[in-house]
Amino acid sequence: MANIIHLLPDNIANQIAAGEVIQRPASAVKELLENSVDAGATEVKLFITDAGKALVQVIDNGKGMSEADAKMCFERHATSKIKNIDDLFSIKTMGFRGEALASIAAVAQVELKSKRAEDSLGTFVEIENSAVIKQEACAFQVGTSISMKNLFFNVPARRNFLKSNAAEMRHIVDEFIRVAMAFPNVFFSLTSNGQEVFHLEAGSLKQRIVQILGTQYNAKLVSVNEETDYMNIYGFVGKPETARKTRGDQYFFVNNRFIKSAYLNHAVNAAFNEMIAKDSFPSYVLYIDLDPSQVDINVHPTKQEIKFEDEKIIYAFVQAAVKHSLAQFSIAPSLDFTLNAEIQGLDAVSKPFTTDKKDAAVSSSLYKTFTQKNQAHFIEPSHSSELKHWKSFFDGNSNQSAEESIGANYATPKQQSITPNYQSKTLSIIPDTSLLQLHHTYIIASTNNGFILVHQQLAHERILYDRYSLAAHGQQMPTQQSLFPVELDLSGADAALLHDLLPDLLAIGYQLIPSGNNRFVIQGIPADILAGNEKHAIELLIEQFKHFSSDIKFSKREKLVRCMSRQQAIKTGQALTQKEMLVLVEELFSCSSPNVTPTGSPTYLEFKEDYLDRMFGR
Ligand code: ADP
Ligand code: MG
């Protein structure tokens, strides 16, 4: 019998291999744009005809190619970017596989023009089915132009798989944006069927992002910037109000490479915490730079996933960096800044990377955010933000009338920009002056230079949160023993849940003893809770906890603490005595972050004397 195995001809092998790299016009766009960037271009122009089905052309002013290279670049595994396997671990270019141009040449008609600065004439090369059909000298400016025509002209089955022009164009724009965002110092343009769709002048990162995402983002970006020995994170996150119902403007770049990472996305979401609605997505454009040896980019060329040497650290850094910047811009309640306990405990997070790097690391701000006693929420004092709003309010050039402005702002206390910053140095309550309760909701207290309006329920929620958190993390709360222990009968599921919570409940002062058959005996309750309705309190707690429990971003303890503090807080409508008001206000200001509740609502508003004077035109 004859042997049946034979080698495939080059052009067929190339066509098959090309399927991996060039799946649609957008794949070629990405590869060509990246090649231009790798070639050091400062100007890159993309021309598209018929959603790339007829033409994808990229013209750059990069370093160009020699006559021999202009032909060589279309060979499979032809690359100038790596020489040996070790180079793989220090990749600084976007490409390195030497597959893109070979793939494009296998499935399209290609024309290349290129010239280097040192050559007087450029080279023109025409390729079809992986074969050079024409090569000649030509006049050309320094740089390279590559045209890919009639994609899949020789693989009709694949051409049929292309989507509508609108869909393919969408993919092209996505790829264009990703490259353009990664290199703001390079000019990019995109022209489709003769019409210029993008014209992106080289500029700052913020300019580039606003150019791409739209000017509505201009005042709505908060910058993120943390540097450590291990990695740098920079970029922008959109203020909470830019969150969208669809997963739209979310971009992560690692060493300038666009990546998709559900894991890192989760880290950002977690940093936004409860500042945005559950079903909406924050916008962000974040760049992570780290030693290339810490990243495995040697995954599939068209995959946007990435493997990190240590994912958990990256997660923690991303989360902390975003939280930190939201806090610095007074957008986030600072108390939310405790890191997930699991991550906090990691050596890599709680200790500097190596002892010899310790000094450098200790001085980096991100390291501090991790180590100042769990205070990833450490906030550098901001001097300007407090006054900003009031300034524009009083400035004659504000468009709003004073009335509108007051109305608008006080009607939406969630708007964080008006939350006064608490500064312990400047704010102190005047002792021995009487406090005033308004509508059984607000407490007015005189301060050394004005007065504050405290929301009794929100303030108490903050106080309890701090107290329970402390208890949950070690300082057990005193328990008062019940004289007449109450029995609690639960459903099987609730009993199982409560079982799980027993140790945490004990930490905050609830002593519950299981007595079989889904029954518990309440032996003791936290010392500062009025005895009498403990049964109801526990049932309510279980209910709220269930509500919360799909929320994976909080630990069990954190959820419990949040439920408890909300549940036990004095409600509005309750009359308070002078003594009670005084204790409440004093306790509020001994909290770590007196100005906000754990979920970000302001607890009080401050009215300073000079504001008041100016309001009365004095
Ligand atoms: P890779 O980018 O992985 O090296 P490619 O197939 O994309 O592989 O490109 C092959 C080679 O062709 C590159 O290594 C580079 O030397 C050269 N090249 C490609 N595009 C350009 C360009 N626009 N300007 C200059 N050289 C280029
Ligand atoms: Mg390449």
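The values are calculated or read from the model by the stated rules, or taken from the named source; none is laboratory data. Values in this document were obtained by computation on a predicted structure and should not be read as measured data. FYI the Cβ positions are ideal-geometry reconstructions off the backbone, even for glycines, and counts take in every protein chain you see. The area values use the complete protein model at the heavy-atom level, side chains included, leaving out ligands, DNA and RNA. Shrake-Rupley method; radii C 1.70, N 1.55, O 1.52, S 1.80 Å.
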Report task. With all protein chains present, calculate the accessible area of Met581 using a 1.4 Å probe and round the result to the nearest 10 Å². Result -> 10 Å²
Report task. Count charges around Arg519 for me, please; just the other residues with Cβ under 9 Å from its Cβ, Lys/Arg as +1, Asp/Glu as -1. Result -> -2
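With +1 on each Lys and Arg Cβ and -1 on each Asp and Glu Cβ, and nothing else charged, work out how big the dipole of region 1-111 is about its Cα centre, in Debye to the nearest 20.
Numbers: 11 positive and 15 negative charges, 31 e Å.
Value, rounded to 20: 140 debye.
So for His440, His324, what's the accessible-area order with a 1.4 Å probe, most first? Present the calculation step by step, with values, prior to reporting the outcome.
On the way: His440 85, His324 5 Å².
Ranked from most to least accessible, the order is His440, His324.
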**Report entry** Label-to-label distance, nm, for residues given as Phe161 and Ser592 (7 Å Cα→Cβ offset)
**Finding:** 5.3 nm
Query - Taking N as its residue count, the alpha carbon Rg of region 38-80 over 2.2 N^0.38 Å - result: 1.37
Report task. First compute the accessible area of region 434-522 with a 1.4 Å probe, then give the percent of it belonging to carbon and sulfur atoms. Result -> 56 percent
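With every protein chain kept in the model, how would you rank Thr215, Thr577 by accessible area, 1.4 Å probe, largest at the top? Kindly include the intermediate steps, with their values, before the conclusion.
Working: Thr215 105, Thr577 75 Å².
Largest accessible area first, the list is Thr215, Thr577.
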Query raised in the report: Going highest first, how would you order 490-503, 142-155 by mean Cβ packing within 10 Å?
Result: 142-155, 490-503
Query raised in the report: What is the gain in length, in nm to one decimal, between Asp610 and Leu540 on full extension, counting 0.36 nm per residue of separation less the C-alpha to C-alpha distance?
Result: 20.7 nm
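What's the magnitude of the charge dipole for region 477-608 around its Cα centre, counting Lys and Arg as +1 and Asp and Glu as -1 at the beta-carbon? Answer in Debye, nearest 20.
Numbers: 12 positive and 15 negative charges, 53 e Å.
Using only the charged Cβ atoms, the result is roughly 260 debye.
So, with +1 on the Cβ of K and R and -1 on the Cβ of D and E, and no other charges, what is the size of the charge dipole of region 10-202 about its Cα centre, to the nearest 20 debye?
Magnitude of the dipole: close to 380 debye.
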**Report entry** Under the Karplus curve 6.51 cos²θ - 1.76 cosθ + 1.60, θ = phi - 60°, whole-Hz ³J(HN,Hα) for region 481-491, x wherever Gly or Pro sits
**Finding:** 6, 6, 5, 10, x, 9, 9, 10, 9, 10, 6
**Report entry** Per-residue HN-Hα couplings for region 100-117 [Karplus 6.51, -1.76, 1.60; θ = phi - 60°; Hz; x = Gly/Pro]
**Finding:** 5, 5, 4, 5, 4, 5, 7, 10, 8, 9, 10, 10, 10, 10, 8, 8, 8, 4
Query raised in the report: Say each of Arg170 and Asp279 gets a label point 7 Å from the Cα, pointing the same way as Cα to Cβ; how far apart are those two points in nm?
Result: 2.1 nm
Query raised in the report: Leaving out ligands, DNA and RNA but keeping every protein chain, what accessible area does Arg614 have, in Å² rounded to the nearest 10, with a 1.4 Å probe?
Result: 110 Å²
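Let me check something: with ligands and nucleic acids excluded, how do Tyr611, Tyr263 order by accessible area (1.4 Å probe), largest to smallest?
Working: Tyr611 10, Tyr263 75 Å².
Putting Tyr611, Tyr263 in descending order of accessible area: Tyr263, Tyr611.
Taking 0.36 nm per residue of sequence separation and subtracting the Cα-Cα distance, how much length would be gained by fully extending the chain between Asn11 and Asn448, in nm to one decimal? Display every interim value, and only then the final one.
On the way: separation 437, 0.36 × 437 = 157.32 nm, distance 8.35 nm.
Stretched out fully, the Asn11 to Asn448 stretch lengthens by 149.0 nm.
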Report task. Rounded to whole Hz and in sequence order, give me ³J(HN,Hα) for region 268-281 from the Karplus expression 6.51 cos²θ - 1.76 cosθ + 1.60, θ = phi - 60°, writing x for Gly and Pro. Result -> 5, 4, 5, 5, 6, 6, 9, 6, 10, 4, 3, 9, 10, 10
Report summary line: Most packed first (mean Cβ within 10 Å per residue), the peptides 253-262, 508-517, 92-101 order as 92-101, 253-262, 508-517
**Report entry** Placed amide H near Thr191: partners under 5 Å, 5+ positions off or other chain
**Finding:** Leu46, Phe47, Ile48, Val197
**Report entry** Gained length - His440 relative to Asn185, 0.36 nm times residue gap less alpha-carbon distance
**Finding:** 86.0 nm
